[in-house]
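Everything below concerns the one structure shown next.
Throughout, read-outs are computed from the coordinates displayed, never taken from laboratory work. Quick caveat: nothing in here was measured; it's all calculated off a predicted structure. A quick note on method: Cβ atoms are made from the backbone with ideal geometry, for glycine too, and the neighbour counts reach across all protein chains shown.
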Amino acid sequence: MKDELFCPKCNADLKKQFGFYEGINVWICEKCGQTLINPNYPDDMIWYCNRCNDIMNNQAGWNPNFHGKYKCKHCGAINDLSDPDDYNYEDEDGVVHFGNDPDEIIDDDNLSGDDLKYAKAINKNKNKAEEYLNDNDKLGKFLDDLESHLNSKNSTKGLAYIPVMISMLRSYYNGSYKEVPYKVIMAVVGVLIYWLAPVDLIPDFIPVVGYVDDAAVVSLALKLIKEDLDAYKDWKNRK
């Protein structure tokens, strides 16, 4: 991590980002998504949980030399770290990451059939999701459009978690709720872009994939992020 504690890519003040502390092993800048590694950390590999996408390097008791079955401290998922070469990638800065393809919101390598089709429907929105998350004005306008559509007739039929996703994104946007992995927020935005697509005049036909039902896309996402959405609901109910 840079001594001045500012992101070298976008110059964001890391000290103001929720969850950041001096000495953290790995940090993903909330503003631009840049991966930062503490220069004193003895490893240049970044491990993401295959379920919740939390950075396991930062979890208590993490051993960078461990290879085997590891239980994520964030969600409890068991991650098999015995053969990392099966799912690693190297980013443009030469940093090796394990667990998720950076070109995908949802890792679809092990999916097939309808689940693969639904994942592709979400992943096609990755660039737009990043654009929104890196521009507060665009994200604010997107949220306004979502909330307007939410109030339209039958807009949430069969999609009970859509209001929760919109509420969580609004709380994330205004800074009141940051206790969520960046990849989960990416998934939420990717799903909401697809949900809003008909109103935005973006056809829900994907080359090769075909037409995909909104409820089916949300159903796949819930398999991966429902725990985070429920955690947000609990947080909101406690306020």
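Annotations for the structure displayed:
- Using the Cβ-Cβ distance between Asp13 and Asn151 with R0 = 45 Å, the FRET efficiency computed as 1/(1 + (r/R0)^6) comes to roughly 0.80.
- Stretching Lys71 away from Asp137 to a fully extended chain increases their span by 19.9 nm, per 0.36 nm per residue minus the current alpha-carbon distance.
- FRET efficiency, 1/(1 + (r/R0)^6) with R0 30 Å, evaluated for Asn110 and Asp144 via beta carbons: 0.25
- When each of Lys117/Lys138; Lys126/Lys178; Lys16/Lys138; Lys178/Lys239 is checked by Cα-Cα distance, pairs over 26 Å: Lys117/Lys138
- Asn174-Phe6 pseudo-label distance in nm [points 7 Å out on the Cα-to-Cβ vector]: 3.0 nm
- Distance in nm between pseudo-label sites at Lys233 and Met45 (7 Å out along the Cβ direction from Cα): 3.7 nm
- Put in line by how crowded their Cβ is, counting other Cβ atoms within 10 Å and starting with the fewest, Val164, Val189, Val184 read Val164, Val184, Val189.
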